[in-house]
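Each remark here refers to the structure printed beneath this line.
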Amino acid sequence: MPDGHTGRVDDQRRTVFQTSLMSALLDGVYDGDLTVGELLEHGDFGLGTFNALDGEMLVLDGVCHRLRADGSVERASDDDLTPFAVVMPFEPVTGFDVTTRMSRADVVARIIELEDSQNYLFAVRVQGRFETVTTRTVRRQEKPYPPMREAVKDEAIVTFSSISGTVAGFRTPLYERGIGVPGGHVHFIDDELSTGGHVLDFVLEHGRVDICKGSDLQLRLPLSSSFGEADLDPADLDDQVRNAENRSPRS
């Protein structure tokens with residue numbers, strides 16, 4: 001039956017692939033059993049982290065980058081393992097050019113205007129010249145792993161000025177709390193692929209914002225004792241997510 005849109009419905013479907021849960025990561029499940037090579041079979045765009053929280057992950061154009069706490073960037077090996085990651089094929093369905101200075105809040109507000117519903121997951125790519133980008137990167141953890149609230153206390157926070165690069169990640173519906181990160185979750189890498197991290201804030205001077213809608217979710221859970229024993233529904237889950245992301249809800 002017609003659904004009010006042109007084209008085949010199947011052509012409008014895009015699958016978001018995710019390994020593990022954000023609530024597991026919050027509880028200290030930092031070792032996964034999925035390789036980067038296997039992850040990239042499911043998408044050319046995304047983010048996540050690596051085993052032992054050894055760097056932030058950013059996947060752009062099918063290349064997986066490891067953003068380390070010392071500010072360095074390296075291409076991840078196909079054999080590297082991830083405890084949490086989200087990827088999808090990036091095919092922009094809408095977007096906008098930025099010709100005047102916009103804060104992160106300004107960009108988010110414009111993105112929300114373009115989203116046809118708050119009930120889907122949207123991949124977002126912001127490319128351009130940034131006045132500032134503030135990032136943090138959690139340092140590699142040692143066993144026994146602490147929960148995320150403890151791990152982030154030793155994170156490296158850096159503010160970059162007058163830098164060109166890409167901010168990329170996802171806007172996730174609120175009903176996915178515990179599965180993903182409700183609101184915005186984005187990482188940054190500069191054009192030289194030399195530095196980056198998990199984004200806390202940014203100011204965009206000029207550039208381009210592209211948005212891709214995800215309609216299907218494929219969730220893969222790790223087969224490990226640490227995941228099987230994790231507390232995945234703590235009473236303070238929302239507070240833990242905000243603490244880990246260093247931001248307010250829906251940013």
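Looking at segment 112-151 only, could you name the residues that are among the β-branched types (Val, Ile, Thr) and under 14 Å from Val199 (Cα atoms)?
Val124, Val126, Thr132, Val133, Thr134, Thr135, Thr137, Val138
Given Glu56, Glu142, which one is within 28 Å of Ser225 (Cβ to Cβ) and either of a type in the set (A, V, I, L, M) or in contact with a Gly (Cβ under 6 Å, 6 or more places away or on another chain) (or both)?
Result: Glu56 is the single residue among Glu56, Glu142 that is within 28 Å of Ser225 (Cβ to Cβ) and either of a type in the set (A, V, I, L, M) or in contact with a Gly (Cβ under 6 Å, 6 or more places away or on another chain) (or both).
Please state which of the following conditions Asn246 fails to meet, knowing it meets all the rest: (1) at pLDDT below 95; (2) buried (at least 19 other Cβ atoms within 10 Å of the Cβ).
That leaves (2) as the condition not met.
Identify all residues within segment 28-44 that are of a type outside the set (D, E, K, R) and either part of a loop (DSSP other than H, G, I, E, B) or surrounded by fewer than 24 Cβ atoms within 10 Å (Cβ to Cβ) (or both); write none if there are none.
Matches in segment 28-44: Gly28, Val29, Tyr30, Gly32, Leu34, Thr35, Val36, Gly37, Leu40, His42, Gly43.
I'd like the residue in segment 161-181 that is within 21 Å of Val29 (Cα to Cα) and of a type in the set (Gly, Ala, Ser) and, out of all such residues, is surrounded by the fewest Cβ atoms within 10 Å (Cβ to Cβ).
Within segment 161-181, the match that is surrounded by the fewest Cβ atoms within 10 Å (Cβ to Cβ) is Gly178.
Give the residues of segment 113-127 that are over 18 Å from Tyr175 (Cβ atoms) and over 18 Å from the mean Cα position of the chain (by Cα), sorted by residue number.
Across segment 113-127, the qualifying residues are Glu113, Leu114.
Give the residue that is farthest from Asp191 (Cα to Cα), with candidates limited to residues of segment 130-146 that are under 21 Å from the mean Cα position of the chain (by Cα) and in a loop (DSSP other than H, G, I, E, B).
Checked segment 130-146; the qualifying residue farthest from Asp191 (Cα to Cα) is Gln141.
It is to be established whether one or more residues within segment 64-86 are over 25 Å from Leu40 (Cβ atoms), assigned to a strand (DSSP E or B) and not polar (S, T, N, Q).
no
For residues that are over 20 Å from Ser20 (Cβ atoms) and among the charged types (D, E, K, R), scanning just segment 46-83, find the one that is farthest from the chain's Cα centre (by Cα).
Applying the filter and picking the extreme gives Asp70.
Report whether or not Ala109 is farther than 17 Å from Thr166 by Cβ, part of a helix (DSSP H, G or I) and not acidic (Asp, Glu).
yes
Which of the residues that make up segment 70-97 are among the small types (Gly, Ala, Ser) and buried (at least 20 other Cβ atoms within 10 Å of the Cβ)?
Of everything in segment 70-97, those that are among the small types (Gly, Ala, Ser) and buried (at least 20 other Cβ atoms within 10 Å of the Cβ) turn out to be Ala76, Ala85.
Filtering segment 182-214 down to residues that are at pLDDT 95 or above and not in a strand (DSSP E or B), which residue is surrounded by the most Cβ atoms within 10 Å (Cβ to Cβ)?
Thr195
Quick check: is even one residue across segment 126-145 in contact with a strand residue (DSSP E or B) (Cβ under 9 Å, 6 or more places away or on another chain), surrounded by 17 or more Cβ atoms within 10 Å (Cβ to Cβ), polar (S, T, N, Q) and more than 30 Å from Pro234 (Cβ to Cβ)?
Scanning segment 126-145, I find at least one residue that is in contact with a strand residue (DSSP E or B) (Cβ under 9 Å, 6 or more places away or on another chain), surrounded by 17 or more Cβ atoms within 10 Å (Cβ to Cβ), polar (S, T, N, Q) and more than 30 Å from Pro234 (Cβ to Cβ), so the answer is yes.
Check Leu60, Leu47 and return the single one that is in contact with a His (Cβ under 8 Å, 6 or more places away or on another chain), under 22 Å from Thr137 (Cβ atoms), touching a residue at least 24 places away in the same chain (Cβ under 8 Å) and surrounded by 14 or more Cβ atoms within 10 Å (Cβ to Cβ).
The unique qualifying residue is Leu47.
The values are calculated or read from the model by the stated rules, or taken from the named source; none is laboratory data. Please read all numbers here as calculations on a predicted model, not as lab measurements. All Cβ positions, glycine included, derive from the backbone under ideal geometry; neighbour counts span all protein chains shown.
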